[in-house]
1. Want the number for T180 to Q211: 0.36 nm per residue separation, take away the alpha-carbon distance, what's left?
2. Could you give the length gained by full extension between I112 and E134, i.e. 0.36 nm per residue of separation minus their alpha carbon distance, to one decimal place?
3. Amide H of T172: which non-local residues (sequence gap of 5 or more, or other chain) have their own amide H closer than 5 Å, using H built in the peptide plane?
4. Hey, what D do you get for the chain in µm²/s if you plug the Kirkwood alpha-carbon radius into Stokes-Einstein at 25 °C and 0.890 mPa s?
5. Any chance you could give the angle, 0 to 90 degrees and rounded to 10, that helix 158-169 forms with the longest Cα principal axis of the chain?
6. Near K103, which aspartates and glutamates are there with a Cα under 13 Å away, not counting those fewer than 8 places off in the same chain?
7. Quick one: order E61, E77 by neighbouring beta-carbon count within 10 Å, fewest to most.
8. Run the helix sum for the chain: -39,500 (n - 2.57) per DSSP H stretch of 4+ residues, divided by residue count, reported at 222 nm to the nearest 500 deg cm²/dmol.
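Taken together, the values in this text are just the output of simple stated rules run on the coordinates, not laboratory data. Keep in mind it's a predicted model, so treat the numbers as computed, not measured. When we count neighbours, we look across all protein chains shown, and the Cβ atoms used for this are built from the backbone with ideal geometry, even at glycine.
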Amino acid sequence: MSTVSTSVGSQLLADFLDSQIRRLVESVNAVNASELPRVARLLPLYSAIIEDAISIRILCENARINQAYIISRALLERMANFCFLQLCTNPEFSDYIDYSLNKAGRSLDRAIEANGHVKARISLNGGDFELPSEINAAIAKFTSERGREKTRWTSVSLPDRVAVIEAKLGSTGLFMSLLTIYADASEALHGTLYGAAFHLGTYQPSPPHDQQSLEQHLHQTRSALYLMAGGGIDTLFALLASLGDSHFKNVALASKEAFKDSAIATGLAAAKKQ
């Protein structure tokens, strides 16, 4: 029987996520010094993944579940991007890098319009400055024929990016995370009434009706977020190991064992009979 709706079960999965965070932190130097150019180039993204995972632990530990969902959405997309970018074409990888140059350039002169009028503007030297040629080229790449900014670095949807990862590794669990977490977190970000209260079980067919059922729901929600984060990190380790990175072969093995052990301990998976 699963214990994910109890304090014991959610703590077991919290411990699993803690171990995954330690593996991430202990592998920072390996990422920075990786012989795989794309891995080393994405060290800032890898570091952001660590920060997100730690933030989820802190927020859940302090019952800030709604905010934990929002950070979980960011973590999911960052992990998916990190893995996808190891597998995508060279032009797609270049687009990802150039998109950041484009955003850096645009950040120096930006404005908000409403009803055809500029309502706020931030501009370096009143707009009197010159950008390096590589930033101008990046801005041009992400400007449409009508002169509007292209606001996405890729036309490949997030589910399709995850499908590329799944094709490489087999089942990863990322699709289930997208289904159960991403949409609700987006509602929280967008400021809807649903997004302000869904994490309390308010809109479930049988919502919590007393303190005990509310606590069970919160433990179950914590467990789901811990499992999503730890499982996603396991996918990241597996992907790096599949690329031949010697450091991550051992990390991936340890991660997979920890994932399996936590699933058995919480009753999410059955132990194999000897």
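1. Answer, rounded to one decimal: 8.7 nm.
2. Numbers: separation 22, 0.36 × 22 = 7.92 nm, distance 2.55 nm.
Separation in residues times 0.36 nm, less the Cα-Cα distance, equals 5.4 nm.
3. none
4. For the chosen part, D equals 118 µm²/s.
5. Its long axis makes an angle of about 60 degrees.
6. D95, E134, E149
7. Taking fewest neighbouring Cβ atoms as first place, the list is E61, E77.
8. Working: 13 runs with 179 residues, N = 274.
The helix contribution divided over the chain gives -21000 deg cm²/dmol.
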